[in-house]
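Okay, structure first, notes after.
Every read-out reported here was derived from the displayed coordinates using simple, explicitly stated rules and does not represent laboratory data. For clarity, every value in this text was computed on a predicted model and none was experimentally measured. Cβ sites come from the backbone with ideal geometry, for glycine too, and all protein chains shown count toward neighbours.
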Amino acid sequence: MHIRAACHIDRAAAGWLSETAFNTLAMGFEPFAGAGSGEGRMATLDHPAAGVAGHESDPVPRPDVEREAATSGQADAAAPGIAAPNTLVTSLKRSAAVTPYRFRDLLALDDFERHARRFLPPMIFQYVAGGAETGSALRRSRDAYADYAFLPRMMRDTAGRDTAVELFGRRYAAPFGIGPLGGAAFIAYRGDLVLAEAARRMAVPMILSASSLIRLEDVHAQNPDAWYQAYLPGDQRRIDRLVDRVAAAGYRTFVVTADTPTLGNREHNIRTGFSMPMRITPKVMWQSATHPRWLLGVVARTFLKHGAPHFENTEAERGPPMLSQGSVRNSIDRDRLSWTNLEAIRRRWPGNLLVKGLLAPEDVEIARGCGADGVILSTHGGRQLDHVVAPLDVLPEIAARKGDLKLIVDSGIRRGTDVIKALALGADFVLLGRPFMFAAALGGAAGVAHAMRILKEEIHRDMAFLGVNRLSELGPEFLRHLPPRG
Ligand SMILES: Cc1cc2nc3c(=O)[nH]c(=O)nc-3n(C[C@H](O)[C@H](O)[C@H](O)COP(=O)(O)O)c2cc1C
């Protein structure tokens, strides 16, 4: 008994020490601390807000010894600042055992958004959080989960439950991954690498966005299991050259986003001062000056250490700087993309091919006919067409005919119960966007891993409540669709 207690203390202490070492090395600056009056104390206790410019170390350590873990689905128990994915604790034990002090208030994924609102300038926060036009698609994508209630089963011995799943021949530690997030490295320092690293350590997939600011080759070196997502023009020669670059870099999964023939109408961007290219207006200057941790810790640090960020991965060649007029030119011709292009990609791309952003069952059938291995049902997080159905609204119908096609769902997932509802209705896997983006902004790779651990713990706990040991045991019999309440 005593021995076990001592081990527990040692592990907790070791976790705290490695967390501290990781943050000192990796960040040299603590964006989360000091976000509000109460947080200022954390800056002093945990990480003094110093060393922004003087820190030369790589922001994301890459312990090569751990690399195998990502593809085997095994926990990366020793990752600094990241409790082992298989370390599952109750919420009461959580803060004492494995949670770094600075994350103590981050108990659920929604907490990350609330905290990020204080850390990020309104224009950046809103760019991430916002939806299109009235916000109906954003709300609907999320509210759809509340239309289902659980019908749990009891006394089934769930002591051996396991959140791992297999997808495209790989075993992942949990049934969720990180969706593509454009501009991540302008929101969190080296954001694409941070997301890739956290996903590698937690043994879940991460999809690199076409609108990312770090070379896809570098992201692949960080996480050889990362997937690539493309925004494509309807010009097959340009597409072919991009496909060849992605294949040469070693990627094995290529995602074509279909729901972006043009950019969604996001009026909130204009209201808060966000524009692309970014215009340095008095409003932008004021917001930046009043959010120095983002300005210095993300923007200044990026420019000083890596130069002006470019759209590195939209085409076969390096794209224009993010802050130039060229960034607009970069997205033309996407409304020409058609299924013919997908057929041609299928002939050229040897790996897994997915189409993201589908909602209509007919489109899913066409994607299958073109040779896609999977589809991602998505409203782009409610950022494109307003008033679209939620992925969950069409999931049962599509799942009934899915056959070998892998069904992935995103948009609005925030809880373990949401993940389980999607899986019970026939999804093979789910993705999340905003929560991991905010987590990266607040706490780097350790922050993202913390968010992932929260979600994984929720799933693990819910499996016990529902009476399942494997996620594959889930089915629609665990749910009831609730009639709308008047
Ligand atoms: C800041 C931000 C950037 C995004 N960039 C891309 C992108 O480059 N490509 C893409 O296919 N989807 C992109 N998405 C959509 C996400 O991949 C994902 O579909 C969506 O965020 C899921 O909804 P959720 O944020 O509610 O989890 C982006 C979403 C956000 C919030």
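Give the value in nm², to one decimal: projected area of the alpha carbon convex hull of the range 353-477, averaged over all directions.
Values: hull surface 33.5 nm².
Hull-based average projected area comes out at 8.4 nm².
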query: List the lysines whose alpha-carbon lies under 16 Å from that of Lys456, not counting same-chain residues fewer than 8 positions away?
result: Lys93, Lys421
task: Mind ranking 265-278, 406-419 by how tightly packed they are, going by the mean number of other C-beta atoms within 10 angstrom, highest first?
output: 406-419, 265-278
- line: Once Lys and Arg are counted +1 and Asp and Glu -1 for all other residues with Cβ under 13 Å from that of Asn341, the total becomes +2
query: Amide H neighbours of Ala230 under 5 Å, counting only residues 5+ apart in sequence or on other chains, H built in-plane at 1.01 Å?
result: Val255, Val256, Thr257
The range 99-166: C-alpha pair distances exceeding 21 Å, %: 58 percent
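Using the number of other C-beta atoms within 10 angstrom as an exposure proxy, rank Asp428, Asp386, Asp162 with the fewest first.
Numbers: Asp428 21, Asp386 18, Asp162 14.
Starting with the residue having the fewest Cβ neighbours, the order is Asp162, Asp386, Asp428.
With a 10 Å Cβ neighbour count serving as the proxy for reagent exposure, in which order, fewest first, do Phe125, Phe103 appear?
Working: Phe125 23, Phe103 27.
By the 10 Å Cβ count, ascending: Phe125, Phe103.
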task: Indicate the gyration tensor shape class of the range 247-299 (rounded, prolate or oblate), computed on the Cα atoms with a ≥ b ≥ c the square roots of the eigenvalues: a/c under 1.5 is rounded; otherwise a/b larger than b/c is prolate and the rest oblate.
output: oblate
statement: Among Ile366, Ser209, Ala390, the residue whose Cα sits farthest towards the positive end of the charge dipole of the range 108-481, when +1 is placed on the Cβ of each Lys and Arg and -1 on the Cβ of each Asp and Glu, is Ser209
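Would you order Trp349, Trp339 from fewest to most other beta-carbon atoms within 10 Å of each residue's own beta-carbon? Don't skip to the end; give the middle numbers.
Numbers: Trp349 22, Trp339 14.
With the fewest neighbours first, Trp349, Trp339 line up as Trp339, Trp349.
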statement: Listed by chain and number, the residues whose amide H is under 5 Å from that of His310, excluding neighbours fewer than 5 places away on the same chain and using placed H, are Met322
